[in-house]
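Undergrad: Supplied in structure tokens, the structure appears directly below.
The values are calculated or read from the model by the stated rules, or taken from the named source; none is laboratory data. Keep in mind that what you see is a predicted model, and the values were worked out from it rather than measured. No Cβ is skipped: glycine too gets one built from the backbone with ideal geometry, and neighbour counts run over all protein chains shown. Side chains are part of the model used for accessible areas, which takes the heavy atoms of the whole protein and leaves out ligands, DNA and RNA. Shrake-Rupley method; radii C 1.70, N 1.55, O 1.52, S 1.80 Å.
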Amino acid sequence: MNKSKPSNESYLKENKILRDLFKKHLDIYEYYFENNSTVVFNQDSLIEIMTTLQNNSQINFEILIDIIAIDYSDYGISEWNTGSAHNKGYSRGIKKNSSGRYTYESSKTNTNQPKKRFATIYNLLSISSNCRINIKFYCDDDDNPSLASVTSIWSSADWYEREAYDLLGIVFIGHPDLRRLLTDYGFIGHPLRKDFPLIGNVEVNYDLNKERVVYQPVTIKPRVLIPKVIRNSDDGDNEDA
Amino acid sequence: MPDIKSFTMNFGPQHPSAHGVLRLILELEGEVIKRADPHIGLLHRGTEKLAESKPYNQSIGYMDRLDYVSMMSNEHAYVLSIEKLLDINVPIRAKYIRVMFDEITRILNHLLWLGAHALDIGAMSVFLYAFREREDLMDCYEAVSGTRMHATYYRPGGVIKDLPLSMPKYEESKWKSKKEINKLNEAREGSLLDFIEDFCSRFPKCVDEYEALLTDNRIWKQRTVDIGIVSKERAFQLGFTGPMLRGSGVAWDLRKKQPYEIYSELDFDIPIGSNGDCYDRYLVRIEEMRQSNKIIKQCIKWLKENEGEIISDNNKITAPTRDSVKEDMESHIYHFKLFTEGYCLPEGEVYCAVEHPKGEFGITLISDGSNKPYRLKIRAPGFPHLAALNEMVRGHMISDVVAIIGTQDIVFGEIDR
């Protein structure tokens, strides 16, 4: 199933346009590759890098396709230990603090995140060179994540950044109008953070006595039907003879 | 009376031409729009959050509900991203079936867009004609998946069922005589492919009919020509894709430029506009329907000539056949594992995009090696389009807002997610 994937150098080797771009314009910054396709830079030089990518002598990334914000705080944590069995059998998928079972009361204890808690990926497309690139920045501050806004470089960043702020609470400095976008008026919290419960915090109800819609704490219980498991494809039991 | 220069008006969220639940705060000066502030999220269902709590296959159905007028195209991007991370092979027949249904979906979407757009501007009859043809295509959906809209037909590794050899038929009732029924069932005597082939031979005439009603219609032109002009440079800046970008004169189509599945082997053209106004985008979409028809014909030809597998036989990802589950131990185990736990994807990040009827629909999938997506980001084409509404309506009259919402082909299922 898993073929060996090309290394970082071969990613650049395959694509001459990108190789030239890196040689001429991006080698002055510190960077490394993640997952063979995403280039990670330091957030300090975000605006310079993005301006260069949008307009330079080699290749122009005219379109900002998407901004993907990620919360890494639950990364690699499974709800069911599949590796070993003991005399009572396998563990069951009932770990109380797993992300599927968070409630408002439960406190966040997982600290398994790889480097930093928050990151954003900028997915860029060059129409003229028919080429894509993913640029990633980790937010230095885990508690108050912030990045510089790219609205001055691509107008379409406006709503993408508002969405990332709304759903993950990343503040984009320099954004002209950083309001919530998708959630309700007066919503509290950032739903796509891993410590935000899947069942939510509040539910709405029509109160007959007050004759209006009221908010109240959720009355449903979190439930995990299929636990999250991580199985390594090299474990042996997956290999067909 | 005080001299009021400008005032603010609320538009929607319950307005027939808001295409769902769009709320606009319009700042007006007389009847001229100074600023439009779209308030979205009234249909936010947290698809991305829900997907994080489910094994991969259980979220395919959610994809249908994103852009609920082009269901299978959404599924396509999702299964492509899973396939890319798993690195599995899809049988060629499945690729042809997927492409055929992608194009059927494109026609479905454009028919609804055409009907609704014309209705918004005041042409009632186009809507009725468009829905006549939509009905036939919905029957194709139903024949292949059992549902008219939310098909859940594509699976990682292929499609769930092969094309049926017979079409469901109308039955005689007290409202329809035998003669009428026979006429309705005429095209349904053969297989699904015969039915689609019959549709393809009828459809270009239908498009001519719509065009006869609109293309040279004086009122239609008055309402769309030079309305909502977007230049090429602004279209790039605003993140436009699909017909919105092509309407502004950029020949960009993922089916041609970054071909996926078997698009590189098919013969079709990309229509582009020149002015970037509502009328050009209308012409682009009309021509796209004709091109889709052409692609479907080529797929039918291939599918009739070639038999084969329709889903990968890798039983870690796809369900084993019912017979083998009852007889073969291995298959029994695979079946149990697949439906109780799903499958794990290798750690990694992928982005897969398809040329959706509305533009570039992309799925960013981040996996931490588990049986559920760690993060799923849906790149909905309508999202940047609606974000540009403020720029597109500024300086226009209030009635043009409706024309511009129509030309953007907005569907809130995908924008709000």
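Undergrad: How about the range A:32-52: which of its residues lose at least 30 Å² of accessible area in the presence of all protein chains relative to their chain isolated, using a 1.4 Å probe?
TA: Buried-area filter returns A:ASN35.
Undergrad: On to the next question. Please list the non-local residues whose amide H lies under 5 Å from the amide H of A:VAL171, H modeled 1.01 Å from N, same-chain partners needing a gap of 5 or more.
TA: Distant-sequence amide H within range of A:VAL171: A:SER146, A:LEU147.
Undergrad: Follow-up question, since we're still on this one. What list of ³J(HN,Hα) couplings, whole Hz, do you get for the range B:359-370 from phi and the Karplus terms 6.51, -1.76, 1.60, once you set θ to phi - 60° and write x for glycine and proline?
TA: x, 8, 9, x, 10, 9, 10, 10, 10, 9, x, 9
Undergrad: Here is a further query. For the range A:144-150, what does the Karplus curve 6.51 cos²θ - 1.76 cosθ + 1.60, with θ = phi - 60°, yield as ³J(HN,Hα) per residue in whole Hz, taken in order and with x for Gly and Pro?
TA: 3J(HN,Hα) across the range A:144-150, in whole Hz: 10, x, 8, 9, 6, 7, 9.
Undergrad: With a 1.4 Å probe and all protein chains left in place, how much of the accessible area of the range A:121-170 comes from carbon and sulfur atoms, in whole percent? Walk me through the intermediate numbers first.
TA: Values: 430 of 1180 Å².
Whole-percent figure for carbon plus sulfur exposure: 36.
Undergrad: From a point 7 Å beyond the Cα of B:LYS337 in the direction of its Cβ, which residues of the range B:139-169 have a backbone N at a distance under 18 Å?
TA: Only B:156-157 fall inside the zone, counting backbone N under 18 Å.
Undergrad: State the answer as a single residue: which of A:SER152, A:ILE170, A:ASN130 lies farthest towards the positive end of the charge dipole of the range A:113-185, with beta carbon charges of +1 for Lys and Arg and -1 for Asp and Glu, about the Cα centre.
TA: After comparing all options, I get A:ASN130.
Undergrad: Buried accessible area for the A:B pair, summed, 1.4 Å probe, in Å² rounded to 100?
TA: Details: alone 15380 and 18690 Å², together 28810 Å².
Chain pair A/B: roughly 5300 Å² of buried accessible area.
Undergrad: Next up: Per residue of B:39-45, how many C-beta atoms from partner chains lie within 10 Å of its own C-beta, taken as a mean?
TA: 4
Undergrad: Also, I was wondering about something else. Among all the aspartates and glutamates, which ones have a C-alpha under 18 Å from B:LYS183's C-alpha, if same-chain residues fewer than 8 places away are not counted?
TA: Straight-distance partners of B:LYS183: B:GLU133, B:GLU135, B:ASP136, B:ASP139, B:GLU171, B:GLU172, B:ASP194, B:GLU197, B:ASP198.
Undergrad: Counting only heavy atoms of protein chains, what accessible area per residue, in Å², does chain B have with a probe of 1.4 Å?
TA: Solvent-accessible surface per residue comes out at 39 Å².
Undergrad: Let me spell out the model: positive unit charges on the Cβ of Lys and Arg, negative unit charges on the Cβ of Asp and Glu, origin at the Cα centre of the protein assembly as shown. What dipole size does that give, in debye rounded to 20? All intermediate terms of the calculation are to be shown ahead of the outcome.
TA: Values: 83 positive and 96 negative charges, 173 e Å.
About 840 debye.
Undergrad: Select from B:SER173, B:PHE203, B:LEU193 the residue farthest towards the positive end of the dipole of the range B:135-214; place +1 on Cβ of Lys and Arg, -1 on Cβ of Asp and Glu, and compute about the Cα centre.
TA: Comparing the listed Cα positions along the dipole, B:SER173 ranks first.
Undergrad: Give me the angle, in degrees from 0 to 90, between the Cα long axis of helix B:192-214 and the longest principal axis of the Cα atoms of chain B, rounded to the nearest 10.
TA: The helix B:192-214 is inclined about 0 degrees to chain B.
Undergrad: Considering only Cα-Cα distances, which of the following residue pairs are longer than 32 Å: A:LYS116/B:LYS49; A:LYS221/B:LYS84; A:LYS115/A:LYS228; A:LYS16/B:LYS95; B:LYS161/B:LYS377? Before the final figure, lay out each step's value.
TA: Values: A:LYS116/B:LYS49 21 Å; A:LYS221/B:LYS84 36 Å; A:LYS115/A:LYS228 22 Å; A:LYS16/B:LYS95 30 Å; B:LYS161/B:LYS377 28 Å.
Among A:LYS116/B:LYS49; A:LYS221/B:LYS84; A:LYS115/A:LYS228; A:LYS16/B:LYS95; B:LYS161/B:LYS377, the Cα-Cα distance tops 32 Å for A:LYS221/B:LYS84.
Undergrad: May I pose another question? Which of B:GLN298, B:GLN14, B:SER231 sits closest to the plus end of the dipole of the protein assembly as shown, meaning its Cα is farthest towards the positive end, when Lys and Arg get +1 and Asp and Glu get -1 on the C-beta?
TA: B:GLN14
Undergrad: How many nm separate the modelled label positions at B:SER231 and A:GLN216, each set 7 Å beyond the Cα in the direction of the Cβ?
TA: Using points 7 Å along Cα→Cβ, the separation is 5.8 nm.
Undergrad: Continuing with the same structure: Please give the Cα centre distance for the range B:46-93 versus the range B:265-342, rounded to the nearest Å.
TA: Taking the Cα centre of each part, the range B:46-93 and the range B:265-342 sit 12 Å apart.
Undergrad: So, one more: Enumerate the residues in the range A:113-144 having an amide nitrogen under 20 Å from the point lying 7 Å beyond the Cα of A:ILE173 toward its Cβ.
TA: Residues A:116-122, A:136-144 fall inside that zone.
Undergrad: Separate question: In whole Hz, with x marking every Gly and Pro, tabulate ³J(HN,Hα) for the range B:314-329 from phi via Karplus 6.51 cos²θ - 1.76 cosθ + 1.60, θ = phi - 60°.
TA: 3J(HN,Hα) across the range B:314-329, in whole Hz: 6, 6, 6, 9, 10, 5, x, 5, 4, 4, 5, 4, 7, 10, 10, 4.
Undergrad: Continuing with this model, one more query. If you put +1 on each Lys and Arg Cβ and -1 on each Asp and Glu Cβ, how big is the dipole of the range B:244-368 around its Cα centre, in Debye rounded to 20?
TA: Working: 16 positive and 23 negative charges, 124 e Å.
Dipole of the range B:244-368, to the nearest 20 debye: 600 debye.
Undergrad: Here's something else I'd like to know. Cross-chain or 8 or more residues apart, Cα under 23 Å: how many lysine pairs in the range B:242-329 fit that? Count them up, please.
TA: Numbers: B:LYS256/B:LYS294; B:LYS256/B:LYS297; B:LYS256/B:LYS301; B:LYS257/B:LYS294; B:LYS257/B:LYS297; B:LYS294/B:LYS304; B:LYS316/B:LYS326.
Taking the Cα cut-off of 23 Å, the pair count is 7.
Undergrad: Now a separate question. How many nm separate the modelled label positions at B:ARG394 and B:LEU128, each set 7 Å beyond the Cα in the direction of the Cβ?
TA: 4.2
Undergrad: Separate question: Tell me the relative contact order for the range B:21-179 as a rounded percent, counting alpha carbon contacts under 8 Å between residues six or more apart.
TA: Numbers: 163 pairs, mean separation 33.2, N = 159.
Relative CO of the range B:21-179 lands at 21 percent.
Undergrad: Evaluate the charge dipole of chain B about its Cα centre and quote only its size in Debye, nearest 20, assuming +1 on the Cβ of each Lys and Arg and -1 on the Cβ of each Asp and Glu. Could you put the intermediate results ahead of the total?
TA: On the way: 54 positive and 63 negative charges, 116 e Å.
For this selection, approximately 560 debye.
Undergrad: Trypsin sites (Lys or Arg not before Pro) within the range B:206-250: which are DSSP loop residues with at most 14 other Cβ atoms inside 10 Å?
TA: Hits after loop and neighbour filter: nothing returned.
Undergrad: Out of residues 5 or more away from A:VAL202 or on other chains, whose amide H comes under 5 Å of its own, with H placed 1.01 Å from N in the peptide plane?
TA: A:VAL218
Undergrad: Multiplying the sequence separation of B:GLU186 and B:LYS174 by 0.36 nm and subtracting their Cα-Cα distance, what value in nm do you get? Display every interim value, and only then the final one.
TA: On the way: separation 12, 0.36 × 12 = 4.32 nm, distance 1.96 nm.
Once the chain is fully extended between B:GLU186 and B:LYS174, it gains 2.4 nm.
Undergrad: OK, next. At 0.36 nm per residue, minus the direct Cα-Cα distance, what do B:ASP208 and B:GLU27 gain on full extension? Give it in nm, one decimal, please.
TA: Working: separation 181, 0.36 × 181 = 65.16 nm, distance 3.98 nm.
Answer, rounded to one decimal: 61.2 nm.
Undergrad: Mind checking which aspartates and glutamates have their C-alpha under 16 Å from B:LYS34, skipping anything on the same chain fewer than 8 residues away?
TA: Output for B:LYS34: B:GLU391, B:ASP400.
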